[in-house]
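J.: Please see the structure below; I have some questions.
The values are calculated or read from the model by the stated rules, or taken from the named source; none is laboratory data. As the structure is a prediction and not an experimental result, all values here were calculated from the model. Ideal geometry is used to build each Cβ from the backbone, glycine not excepted, and the neighbour counts take in all protein chains shown.
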Amino acid sequence: MLLIRYGPMNNPNPGYPYMSDFIEFESLQPNQYVKISGKYMPEKACFLAVEVVVEPADGEDKYEALLQEVQPDTRVVKLLGQTITLPDHLKIQDLNDSEVGIEHLKAGTMVKIKGHYRPDSGFKADKVKVKETLEFNIEELQGRVQRVDEENKQLYVNGVPIKINHKSILLKL
C-alpha cells in the first residue's frame, strides 16, 4: 500500500496527518489521551485497533460501538466488553435527537456514550445517543491510556484491552 502525504502548502485536506505524525508503539505512554478506531472482537475479548491517534484531551471519555447486551430493568448495557449501569436521570437520544427510554435500546444498536472512566469505579455515563447502525460499523473509543503492555502490543483504555498489530496506524496530532 502506498501512502501519499501532502505538505502544508498543497494539502487538499488540512486535517489529514503528515508523515511526521506517524509514531511507533513504544511512543505510547500511560495517561496520554487517545482516539481509537477499529472493531471489537468478542471471541478474543479485545478491540483490534485500525487507527490510534494521540490527541489533546477534550475532557470526556467516549465509546461509540454496538451494544452487546441491554437489561432495561436494571438499566445495564454492555459494549466493547464493558458493563455500564445507566443512571435513572440519564437522557437517551434517538437518531432524531428525541428523548427515548432505555427500552428503545437493543443489542446490535450503534450508540455513542460519553462520560468519565475511573479504573476503580468503571465508566460513568453522562450522555447516550443512538447512532445509525450499518451493515459494517467502525467502532471508536476515546480516553486516557491506563496501561501499555509492550510485550503483547496492547494498551488499555477505558478498561478495554486494545490490540495493536502490523496493520494498525499510530498517529500523533
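J.: Of everything in region 44-66, what is in a loop (DSSP other than H, G, I, E, B) and at pLDDT 95 or above? Give them in sequence order.
T.: None; the set is empty.
J.: Another one. Go through region 96-124 and give me each residue that's within 23 Å of residue 146 (Cα to Cα) and touching a Ser or Thr at 6+ places or on another chain (Cβ under 8 Å). Break it down into steps so the answer makes sense when it comes.
T.: Our first condition is that a residue be within 23 Å of residue 146 (Cα to Cα); within region 96-124, this holds for 112-124.
Within region 96-124, 122 is the sole residue that qualifies.
J.: While we're on this one: I need a count of the residues in region 114-139 that are touching a Lys or Arg at 6+ places or on another chain (Cβ under 9 Å), closer than 17 Å to residue 161 by Cβ and either in a loop (DSSP other than H, G, I, E, B) or in contact (Cβ under 8 Å) with a residue 60 or more places away in the chain (or both).
T.: 1
J.: When you scan region 67-90, how many residues do you find that are surrounded by 18 or more Cβ atoms within 10 Å (Cβ to Cβ) and not in a loop (DSSP other than H, G, I, E, B)?
T.: The number of residues fulfilling the criteria is 5.
J.: Let me ask something else. Would you pick out the residues in region 37-54 that are of a type outside the set (A, V, I, L, M, F, W, C), under 13 Å from the mean Cα position of the chain (by Cα) and surrounded by fewer than 19 Cβ atoms within 10 Å (Cβ to Cβ)?
T.: Once the filter is applied, which keeps residues that are of a type outside the set (A, V, I, L, M, F, W, C), under 13 Å from the mean Cα position of the chain (by Cα) and surrounded by fewer than 19 Cβ atoms within 10 Å (Cβ to Cβ), region 37-54 yields 37, 39, 51.
J.: Moving on to the next point. Just give me the residues in region 126-160 being more than 17 Å from residue 27 (Cβ to Cβ) and in contact with a Phe, Trp or Tyr (Cβ under 9 Å, 6 or more places away or on another chain), in sequence order.
T.: 139, 140, 141, 142, 143, 158, 159, 160 - these are the residues of region 126-160 that are more than 17 Å from residue 27 (Cβ to Cβ) and in contact with a Phe, Trp or Tyr (Cβ under 9 Å, 6 or more places away or on another chain).
J.: Now a separate question. For region 140-173, what are the residues that are part of a strand (DSSP E or B), farther than 19 Å from residue 63 by Cα and of a type outside the set (A, V, I, L, M)?
T.: Scanning region 140-173 gives 149, 172.
J.: Can you confirm whether residue 95 is part of a loop (DSSP other than H, G, I, E, B) and surrounded by fewer than 16 Cβ atoms within 10 Å (Cβ to Cβ)?
T.: It is true that residue 95 is part of a loop (DSSP other than H, G, I, E, B) and surrounded by fewer than 16 Cβ atoms within 10 Å (Cβ to Cβ).
J.: So for region 67-85 (the condition being modelled with pLDDT under 95 and either under 18 Å from residue 143 (Cβ atoms) or in contact with a Pro (Cβ under 7 Å, 6 or more places away or on another chain) (or both)), does at least one residue qualify?
T.: Restricting attention to region 67-85, the residues satisfying the condition of being modelled with pLDDT under 95 are none.
No, there is no match, as no residue in region 67-85 is modelled with pLDDT under 95 and either under 18 Å from residue 143 (Cβ atoms) or in contact with a Pro (Cβ under 7 Å, 6 or more places away or on another chain) (or both).
J.: With respect to residue 154, is the statement that it is surrounded by fewer than 19 Cβ atoms within 10 Å (Cβ to Cβ), touching a residue at least 12 places away in the same chain (Cβ under 8 Å) and in contact with a Cys (Cβ under 9 Å, 6 or more places away or on another chain) true?
T.: So residue 154 passes the test.
J.: Take residue 15 and decide whether it is in contact with a His (Cβ under 9 Å, 6 or more places away or on another chain) and either at pLDDT below 90 or under 26 Å from residue 132 (Cβ atoms) (or both).
T.: For residue 15, the condition - in contact with a His (Cβ under 9 Å, 6 or more places away or on another chain) and either at pLDDT below 90 or under 26 Å from residue 132 (Cβ atoms) (or both) - is not met.
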